[in-house]
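The values are calculated or read from the model by the stated rules, or taken from the named source; none is laboratory data. Note that the structure is predicted; figures quoted are calculated from it, not measured. Cβ placement follows ideal geometry from the backbone for every residue including glycine, while neighbour counts extend to all protein chains displayed. Quick note on the areas: whole protein, heavy atoms, side chains included, nothing else; ligands and nucleic acids left out. Shrake-Rupley method; radii C 1.70, N 1.55, O 1.52, S 1.80 Å.
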Amino acid sequence: MLKKTDPVERILLRHKKITEKALNEVKANNLHTGSYLGKTLADHGYIHNQALLETLSSELRLPYIKKEQYPKSTLPVQGLTITETFLREKIIFPLQIKDDTLILAVYDPFDLYTIEDLKVSLGKNIRVVLSSEQDILESIETYYGEEGGSAMNRMVSDIQEDDMHGLDSMDESTEHIRDMASEAPVIKLVNHIISQAIEARSSDIHLEPFADELLLRYRIDGILHEMEPPPKRLSSAITTRIKIMSKLDISERRLPQDGRIKLKILGKDIDMRVSTLPTLHGESVVMRILDRGNLVLDLTHMGFPEKELLQIQELIKKPYGKFLVTGPTGSGKTTTLYAALSQINRPDKKIITIEDPVEYQMRGINQIHVKAQIGLNFADGLRSIVRQDPDVIMVGEIRDPETADISIQAALTGHLVFSTVHTNDAAGAVTRLLDMGIENFLLSSALLGVLAQRLVRVICPECKEEAPLTPTLKIEMGILEKENVKVYRGKGCNACSQTGFRGRCGIYELLVIDDSIRELILKKTTAQAICDQAREKGMRTLREDGWDKVVKGITTVEEILRVTLSDRN
């Protein structure tokens, strides 16, 4: 049972890393059986390992180091008479011998008996540093073990050892799966999948069941990367655990479901949007990670060229009219609109949004979540919003003629309306609205501007190097043959997980609706004609802005070719 005088408990409560309620849950459910309390709390998701170790490091004034900081060449494991079993059991690892002192990585700094026992048996002084259970066990596996010792393998091994009530069986009753999902090893496995994704800067976690395997993929900087997966037989237990966390119906496995999870991981407040989808071989789960700490709501820090930034800031201060952002899913449209709303969010303005779903909550803004199952869609919600006397309205997406028509009417009756639409470029948004049945004279009067955008990966600064530039690419970029221009790429390093990229930034195309563009809208001309006219007036296309960021060394030629279409007719 949990001791009232446990030092970990006192420290974590004093630093407000856990609550009395959490400790009472641990006691009530008999989760703690006498082992290290810090491990119990971490294994059951009450605190993240890194937060635990950082707090103890600060309190006890002990260094906290990660596996990358372990000495590489002088690890003394071979010269010490310590068995692998003992190291695993105590979760300790010898790092270095300096004179007569052994530097020892420990997970539990309060296991004074083990430290004193080693001091006597080895005849050396012991200096302790803190390290995570995962890093210590991986190092033991590297220097002692013969088989692969990844964290995933160890967790699966724990599940096998615990013999989770016939996990291999085909019994998929709701109660049986609930029992499996409530076992500590499955909880720990799901926590590991989530925390690993956050540490890897992932935006989405994909768990996809197939006939003979369960795929685990993370979307990092817009690109999916396959990770080491759990075994297929754990698919139902993992999915059920995620459903329990997101308050979904675990008995319903035939219909798609959507939910949310709120977590505090690595000191960050994380919201997760969860979607389940029944497939041929089980439920596919996608978790969108919404890290409020990484949300940039400042237009000046989003990569806008100076001219376009000034134009946007001028447009969003207009008293009425419609401003559109266009691009494919995952191109940062909502973030741009949030940044615009944030800039004009003042006490003298009432702002209401209707979104599907609400991704980030913003202070001082009334946000509505679309609920199609009860009849609350964009069109009906928008009608009600207009009666709430707003100054600014944001519609998450224009999907149908009815929503398009109501939003245009709102823009014409004294409201500033922001919205998104799916088109390839800025001019295409104009023809899309005309195709939806919006009258050309209404659109020409209401529309203020259209911003098209894409996200491109940023070259990792740690491994940035010059890249070759062929004559063909010079022509494509509009660079003269004799002009000396350098372009760059990422070689790949540990900082960027060998991808050569770290982070993303936007490339933009801003179409400002002036008198010449209004005339073309009234004539119902093609998107290409509108684009040509705008370029004559100084509009830069997505690809042109992309080439500018290539020359500045921000991204690569290949990235621009990947996300944009040629400007040539």
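The residue list THR541, THR526 contains one member that is modelled with pLDDT of 90 or more and open to solvent by less than 50 Å² (accessible area, probe 1.4 Å), which is THR541.
The strands (runs of 3 or more DSSP E) falling completely within the stretch 335-395 that include 3 or more residues that are over 19 Å from ARG288 (Cα atoms), open to solvent by less than 50 Å² (accessible area, probe 1.4 Å) and not charged (D, E, K, R) map to 351-355, 392-395.
Is there a residue in the stretch 494-503 that is under 35 Å from the mean Cα position of the chain (by Cα), closer than 22 Å to GLU306 by Cα, without any contact (Cβ under 8 Å) to a residue 40 or more places away in the chain and part of a helix (DSSP H, G or I)? Within the stretch 494-503, not a single residue is under 35 Å from the mean Cα position of the chain (by Cα), closer than 22 Å to GLU306 by Cα, without any contact (Cβ under 8 Å) to a residue 40 or more places away in the chain and part of a helix (DSSP H, G or I). Among residues of the stretch 234-256 that are more than 13 Å from VAL274 (Cα to Cα) and open to solvent by 10 Å² or more (accessible area, probe 1.4 Å), those with a Cβ under 6 angstrom from a residue that is in a helix (DSSP H, G or I) and modelled with pLDDT of 90 or more, sequence gap 6+ or separate chain, pair up as ILE250/THR240; ILE250/LYS243.
Hey, can you tell me all the residues within the stretch 457-493 that are part of a loop (DSSP other than H, G, I, E, B), over 34 Å from the mean Cα position of the chain (by Cα) and surrounded by 15 or more Cβ atoms within 10 Å (Cβ to Cβ)? Give the derivation first.
So the first thing to find is which residues in the stretch 457-493 are part of a loop (DSSP other than H, G, I, E, B), and the list is 460-463, 468-470, 477-486, 491-493.
Adding the requirement that they be over 34 Å from the mean Cα position of the chain (by Cα) leaves 470, 478-485.
Result: ILE479, single match.
Residues of the stretch 432-447 include none that is under 31 Å from the mean Cα position of the chain (by Cα) and open to solvent by less than 70 Å² (accessible area, probe 1.4 Å). Among the residues here, MET272 qualifies as under 18 Å from LYS247 (Cα atoms), at pLDDT 85 or above and surrounded by 16 or more Cβ atoms within 10 Å (Cβ to Cβ).
With the requirement that a residue be open to solvent by 40 Å² or more (accessible area, probe 1.4 Å) and in a loop (DSSP other than H, G, I, E, B), what does the stretch 398-413 give you? Break it down stepwise before answering.
Going through the stretch 398-413, the residues open to solvent by 40 Å² or more (accessible area, probe 1.4 Å) turn out to be 399-402, 405, 409, 412-413.
Within the stretch 398-413, ARG399, ASP400, THR413 meet the criteria.
Summed over the stretch 190-237, residues that are in a helix (DSSP H, G or I) and over 14 Å from SER284 (Cβ atoms) total 13.
Looking at the stretch 308-329 only, could you name the residues that are touching a Gly at 6+ places or on another chain (Cβ under 8 Å) and not in a loop (DSSP other than H, G, I, E, B)? Before you say what the answer is, go through the steps one by one.
Initially, the stretch 308-329 is screened for residues touching a Gly at 6+ places or on another chain (Cβ under 8 Å), giving 311-312, 315, 319-320, 323-324, 326.
Selection gives GLN311, ILE312, LEU315, PHE323, LEU324, THR326.
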